[in-house]
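The values are calculated or read from the model by the stated rules, or taken from the named source; none is laboratory data. None of the values given here were measured: they were computed from a predicted structure. Here the Cβ is made from the backbone with ideal geometry for all residues, glycine too, and neighbour counts use every protein chain on show. Areas reflect the complete protein model, heavy atoms only, side chains present, ligands, DNA and RNA absent. Shrake-Rupley method; radii C 1.70, N 1.55, O 1.52, S 1.80 Å.
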Amino acid sequence: MIAEFGLAALWLAAALAGLQLVMGVSALRNGDGPLAILVRPVAVMQGVLTVVSFAALVALFIRTDLSVKLVVANSHSAKPFIYKLAGTWGNHEGSMLLWVTVMAGMGALIALLERRLPERTMLATLATQAFVGLGFYAFLLLSSNPFERLPEPAVDGMGLNPLLQDIGLAFHPPTLYLGYVGLSLAFSFAVGALLTGQVGPTFAKVMRPWVLGAWIFLTIGIAAGSYWAYYELGWGGWWFWDPVENASLMPWLAATALLHSASVLAARDALRAWTVMLGVVAFSMSMVGTFLVRSGILTSVHAFAVDPERGSFILALLAIYIGGALVLFALRASSIAEGERFSVTSREGALVFNNVMLSALLGIVLLGTLYPLVTEAFGVKVSVGPPYFNPVGAIFALPMLVVMAIGPLLRWRRDRLQRVRSPLIAVGLLLVLVLVGLLVWRPFGLLPLLGLGLSIALMVASLLPLRGRRLRHLPLAVWGMVVAHFGIGLALFGMAADSSLTVEKLAAAQTGDVVAVGPWTVKLEAVEPVAGPNWTALEARLKAQYRDGAVVTVTPQARSFWTPPQQTSESALLTRWNGQLYAVLGNETEDGRWQLRLWWKPFVTFIWYGGLLVALGGLLALLGRVATDLRRRSAVRQIAQRKNEIAKVRGA
Amino acid sequence: MSTRIKAKHQRLVLVVIALVALVGAGLLAAWALRSQASYFFVPSEMREAPPSVGQAVRLGGMVEQGSIKTLPDGVTISFVVGDGKARMPVQYAGILPDLFVEGSGVVAEGRLNANGVFVADNLLAKHDENYVPRELEHMTAAQADAAVAETR
């Protein structure tokens, strides 16, 4: 019954999306008709129904209902509870249902909460959100029904890919999706504003907190995904330029640019067309990512569906939505009046520079990701990897980081570099000192060297906006900027440190042997079999000691799962404030020794701490905006109340 | 930038900078991508037109049956990657990835050394039973043909 109930809720939600679109469009054409007041409630109902439908699927997975095809294919009765739960979205159909749920849920939230936008623009926005949603409902209901029953219930399920049986990964997809699909609001707001021609500071102020929310989740999702790849794949790398990683990086780059250009639009009423364009591009990148991952056009751990039909469906949706939005943009761009002017040397100028560099980076990643697909169409197999992405990306990332250090110190509209000369010189000097110091200390590659120097300069510079301000009265949004920029510097420092300071030791050790790696000594005590809920493993007991510090036990494992039968290696990580010891257990050699791979990775954790700081910065900015908004509303209420009282007194 | 320049001109400067940066990014990317054509090799290509010694490239193919050997140091593995037409010796020092087995596809990241041996820093094997490195999709068929030819 649960499955039928879930399916019925989904169909109903799809029907409501259709209704929302029709009502929204008709209200737009005929002015505020009687239909207009119904658009918001319909959007809310649509959101509620998708949540109900998703909850039904979760229930089926938790109960391991073996009459449902999807559960049988992706779950197993013996699996730990948390992975039964995570199994809900760890597959194509379930994740598409999650997509639709987030999309409709976001639409419901703006319908409930957003009151500042002119009503006509709001209607256009909700109609757009419904229109985009409809495509995904159709995709789900017509080609990927998650509630399909089997003719005969199965005896047991087939299990979940062991690589996905990891607590970090269990909640990774929902986080990423809140970001990915949350950007659909940016798209809908942009298209809504284009339709009514009302692109101004209000539009930017309304859109910004929603984009910020999505961006926070996207940031956390990317950081978590990177950490997962780092410890689960056992290679010690944290970014592989895998197309699937790029698929989440591209919307992040676009959304980052959008956040910055939206703040120019909100504060200074400039960059109108550009901001609208970025709103369209950001969600388009989410859809391109989904297409790449779900079409079967590339294979990866994340690509569930190797099904050309599904690929063409998403491609068609891509063409309709992106193509439609771009045509609309071309038709309407000229009607968006030109905004305020500003000088090149100004806060706006710096933000424009940042936007251009982010866009260039986006283009570079997009080209690199799509290039192999294009050449393959002409019969040439090519793979694009770090030798392309690292240097080409760095050429645009490095100047962007320099301007990022200076930009926040500049005034709006017009400024002179002389005014920020002393901090500039200080940052520059520090950079030179770091570079010289490092060069003397030990020879580095050029990129890590620049990275280390720039990251330190950036961290210092990002704190400069706090100089001479009363910290307790500083708006949260400024704190957010400072924390986020500092986080970028910290992450960059971790990346540069990891790529230049890592020490690796590979050994074939007998029990009792001691291996030295960097400042660590590691003793192999024993290798013993252990068992988990649905796996068995060989576990190495290692006694690790940092210089003369305390001895700590770490236990890397080589696991064997039996549903499905598969081996994984579970690396062991020992975290210190200044880095991580990373241990992997390999095979037994013929003469009874055990292969051990050990890394000492100084400051590698700063990469993810930095990422979390960036997300925290976003959260602070979001809280600041929400608080300001609440204050404004309560002030408006108080004024109205006071007016009432005065009117009463006068009347009496 | 002098403040005497008119606002209109300053706007123009921004647009020009933006255009130069974006066109630059495109050209740079296009230039860099052209050299990526020589980033992925299968053994027969590497035999015909080898990359220069020390250049970082990827080698993809099938791990030949019976070719995996552990060298005396206990951590270096040598094996042969083939594509049905040519064979390439590979050395890799490290923990073998899960699911790295003889007769399955592999992509090795690394460089050719002066002795004509491919020294891998990284092996990309199948992630699971459904995942073959993208470059190797056609290889499974070629390998199947080779297996049929051998048993005849």
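Note down the Stokes-Einstein diffusion coefficient of region A:1-159 in µm²/s, whole number, using a Kirkwood radius over alpha carbon pairs, 25 °C, and 0.890 mPa s.
150 µm²/s
Order these peptides, A:325-332, A:479-486, by their mean beta-carbon neighbour count within 10 angstrom, highest first.
A:479-486, A:325-332
What nm distance separates the two modelled labels at A:Leu373 and A:Lys643, each placed 7 Å from Cα along Cα→Cβ?
My value for the distance between the label points is 5.4 nm.
How much area per residue is accessible in region B:39-125 when the probe is 1.4 Å and only protein heavy atoms are counted (Å²)?
Computed with neighbouring chains in place, this is 40 Å² per residue.
Taking each residue in B:48-60, count the Cβ atoms of any other chain within 10 Å of its Cβ, then average. What number comes out?
Per-residue shielding by partner chains comes out at 1.
Cα centroids of region A:529-607 and region A:609-652: how far apart, whole angstrom?
Taking the Cα centre of each part, region A:529-607 and region A:609-652 sit 51 Å apart.
For the protein assembly as shown, what is the Kirkwood estimate of the hydrodynamic radius, computed as the reciprocal of the mean inverse distance between distinct Cα atoms, to one decimal in Å?
Result for the protein assembly as shown stands at 28.8 Å.
Over all residues in B:20-33, what is the mean tally of Cβ atoms on other chains that come within 10 Å of each residue's Cβ?
Taking the mean over all residues of the peptide, I get 6.
Using the Karplus equation 6.51 cos²θ - 1.76 cosθ + 1.60 (θ = phi - 60°), what ³J(HN,Hα) coupling, rounded to whole Hz, does each residue of region B:65-73 give in order, writing x for Gly and Pro?
Taking θ as phi minus 60°, the curve returns 4, x, 9, 6, 9, 9, 6, x, 5 Hz for region B:65-73.
If amide H atoms are built 1.01 Å from N in the plane of the peptide, which residues on other chains or at least 5 residues away come under 5 Å of the amide H of B:Asp121?
B:Glu109, B:Gly110, B:Arg111
Add +1 for every Lys or Arg and -1 for every Asp or Glu among the other residues with Cβ under 14 Å from the Cβ of A:Thr553, and state the total.
Residues near A:Thr553 contribute 0 overall.
Before anything else, pin down the relative contact order of region A:37-168: Cα pairs under 8 Å, at least 6 apart, normalised by residue count, whole percent.
That works out to 42 percent.
Restricting to DSSP H runs of at least four residues, report the calculated mean residue ellipticity at 222 nm for the protein assembly as shown, -39500 (n - 2.57) per run over all residues, nearest 500 deg cm²/dmol.
Using -39500 (n - 2.57) per qualifying helix, the result is -20000 deg cm²/dmol.
Which whole-Hz ³J(HN,Hα) couplings does region A:473-481 yield from phi under the Karplus relation 6.51 cos²θ - 1.76 cosθ + 1.60, θ = phi - 60°, glycine and proline marked x?
Karplus values, whole Hz, x for Gly and Pro: 9, 6, x, 4, 4, 5, 4, x, 4.
Would you pull out the residues with amide H under 5 Å of B:Ser104's amide H, same chain only if 5 or more places away, H placed 1.01 Å from N?
B:Val63
Any idea what the relative contact order of chain A is, in percent, if you count C-alpha pairs under 8 Å spaced at least 6 apart?
It comes to 11 percent, rounded to a whole number.
Under 5 Å between amide H atoms, partner at least 5 residues away or on a different chain: which partners does B:Gly60 have, H built in plane at 1.01 Å?
B:Phe41, B:Val42, B:Ala108
Please compute the average number of Cβ atoms from other chains found within 10 Å of each residue's Cβ in peptide B:68-80.
4
What is the dipole size for the protein assembly as shown, taken about its Cα centre, with +1 at each Lys and Arg Cβ and -1 at each Asp and Glu Cβ, in debye to the nearest 20?
5140 debye
Report the rotationally averaged projected area of region A:378-494 based on its alpha-carbon convex hull, in square nanometres.
11.1 nm²
What translational D, rounded to a whole number of µm²/s, comes out for region B:39-125 from Stokes-Einstein when the hydrodynamic radius is the Kirkwood one over Cα pairs, at 37 °C and 0.692 mPa s?
My calculation gives 260 µm²/s for D.
Quick one: 3J(HN,Hα) in Hz for region A:147-159, Karplus 6.51/-1.76/1.60 with θ = phi - 60°, rounded, Gly and Pro as x.
Ordered by residue, 3J(HN,Hα) equals 9, 4, 8, 8, x, 10, x, 7, 6, 7, x, 9, x Hz.
Quick one: buried accessible area between B and A, total over both chains, 1.4 angstrom probe, nearest 100 Å²?
4500 Å²
On a 27 Å Cα-Cα criterion, which of the cross-link pairs A:Lys84/A:Lys505; A:Lys505/A:Lys543; A:Lys543/A:Lys601; A:Lys79/A:Lys543 come out too long?
Check vs 27 Å cut-off fails for A:Lys84/A:Lys505; A:Lys79/A:Lys543.
Which order do the peptides A:86-98, A:533-545 take when ranked by the mean count of other beta-carbon atoms within 10 Å per residue, highest first?
My ranking of the peptides, most packed first, is A:86-98, A:533-545.
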